1. For every helix of n ≥ 4 consecutive DSSP H residues, a contribution of -39,500 (n - 2.57) applies; sum these over the chain, divide by its total residues, and give [θ] at 222 nm rounded to the nearest 500 deg cm²/dmol.
2. Distance cut-off 19 Å, Cα to Cα: go down the list 117/283; 263/340; 131/168; 139/168; 246/283 and report the pairs above it.
3. At 20 °C and 1.002 mPa s, grab the translational diffusion coefficient of the chain from Stokes-Einstein with a Kirkwood Rh over Cα pairs, rounded to a whole number in µm² per second.
4. Please report, to one decimal in angstroms, the Kirkwood hydrodynamic radius of the range 98-193 built from all distinct Cα-Cα pairs.
5. In whole Hz and in residue order, list the ³J(HN,Hα) couplings for the range 314-323 that follow from phi through the Karplus curve 6.51 cos²θ - 1.76 cosθ + 1.60, θ = phi - 60°; x for Gly and Pro.
6. List, largest first, the extents of the alpha carbons of the range 307-351 along their principal axes, each in whole Å.
7. Mind checking the alpha-carbon convex hull of the range 241-319 and giving the volume per residue in Å³?
8. Could you calculate, for the range 71-124, the ratio of the Cα radius of gyration to the Kirkwood radius, expressed as Rg to Rh?
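Bear in mind that the values in this text are calculations on the coordinates, not laboratory data. In this text the structure is predicted, and so the values were computed from the model without any measurement.
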Amino acid sequence: MDIDYIENEISQLQPPAIQRRRIRPVDDAHPFDLDAYISGYSGRTAFDRLVHIISTCPTLAPQALKLAFAQIEGLRDPTLYQTAMNAYDAVADLPEVQLPPSEFCSVNTVWCEEVTKKNQAERTKLEVELKTYSNNMIKESIRMGHRDLGDFYRATGDYTQALKHYTKSREFCSTSQHVLDMCLSVLELVIEQRNYSHISSYVFKAEGALDTASAAAASNTAPGSNNISAAPPPKRSAERDQVQSKLDFAMALFQLGQANYEKAAQLFLKIGPPDSLGDWIGKLVAPGDFAIYGTLCALASMSRSAIKSQLTGNAIFSAYIEQEPYVRDLTQSYLSSDFKNVLELLERYSTRHYVDIHMYSHVYDLTNLIRNVAVVLYFQPFQTIRLDRMSAAFGWTVDEVEKEVVALIQSGQIQGRVDSQNKASEASRKVDHRAELFARAINTAAEIQSTNRKLLLRMRL
């Protein structure tokens, strides 16, 4: 198995301020409860989300900075103090933002010195152990030594070294389970750093190792006696489902990072129940995040029939939606063509969407896609429709409706024309459903004929 070494870009966590900055308000029209939100996360992801909130919501920056400082003392990386203060100072320097200086939160220098000494001592100990194992050529011990050093460097914020040791441990893996554990460790690392482009390769490696491990486990139980082979299979199946849910989530984030919203929606909607993700819940993601990711991607890319069958009819995904009740209202409004309420909900909870570290760079595009699909769906049943009627249905002015419809006509999503004088829109297409039916039948017959010819050719070979 080849190992992909990720470049040093992973070692530098760019603050959200450098990326696509979108300052979001927090008020009665855009509610957001920071304490309730951050309580769903733990460890490094809680800190990263607080730093992102500092850069995204200046209104909450002082509160988020205090919470971030509180999170740091539960971690092992003293440099996080500087990361949080840099994000806060960057927002405070904006001309339209007025914040108190970051000195209102004091750095615990005693803790920093103690943790630095402990980290240095543990690093020396782990390196000596690995060197000893290497000299003795104990393969399993060498693998565990690299794994432990990878965990240490990840905890202390040195992601380049963490990845180096995780991937190095692959050379000393003796079973498929060891390879699988290595891939899951790397996936946790790249997800934590939002390095989406490298997720897919390790998901494929993990799936191959998972299949091999499952096949080996099945072959080991086959020759055994009935009384000892009856109990283990359900446990192994549950473990496989847990790993598969983690891989589905990782692949969904990869597709989201690539802006493949339909594939991302399908993967988010097939993820198992929250307990199937094990310690990833809280460490990397919260249950309510799945409701937002899956629903927004589905509304932006899937048909109504697919949304009804895969989203609203999905009992497992409904458990995630319960964590964010407004998501159910959003879906029901969309399916009932109450597009004005859809747009109002998207705007009202836009702050909640923008503060998410995985979703924030896609919120603008997803909102535009949902709005465009809503206009197209509203326009479909009509041959002619007045723009003032559309403005009432969407809560826009007539000029805004006209601008939106013209843009969709120019992009080819609506076949029609706009009468600017009479403020009306008229569909220009005339669909011959009978001709379409015959054309589809002929195409299907041609595909079947081609498939049969290929099968006959293979049989002759």
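1. Helices in the chain give a 222 nm mean residue ellipticity of -20500 deg cm²/dmol.
2. With Cα atoms farther than 19 Å apart: 117/283; 263/340.
3. So the translational diffusion coefficient is about 83 µm²/s.
4. 15.0 Å
5. So the Karplus estimates, Gly and Pro as x, are 9, 5, 5, 5, 4, 5, 6, 4, 4, 6 Hz.
6. Answer, in whole Å and largest first: 27, 23, 10 Å.
7. Spelled out: Cα convex hull of the range 241-319, divided by residues, is 73 Å³.
8. Rg/Rh for the range 71-124 comes to 1.12.
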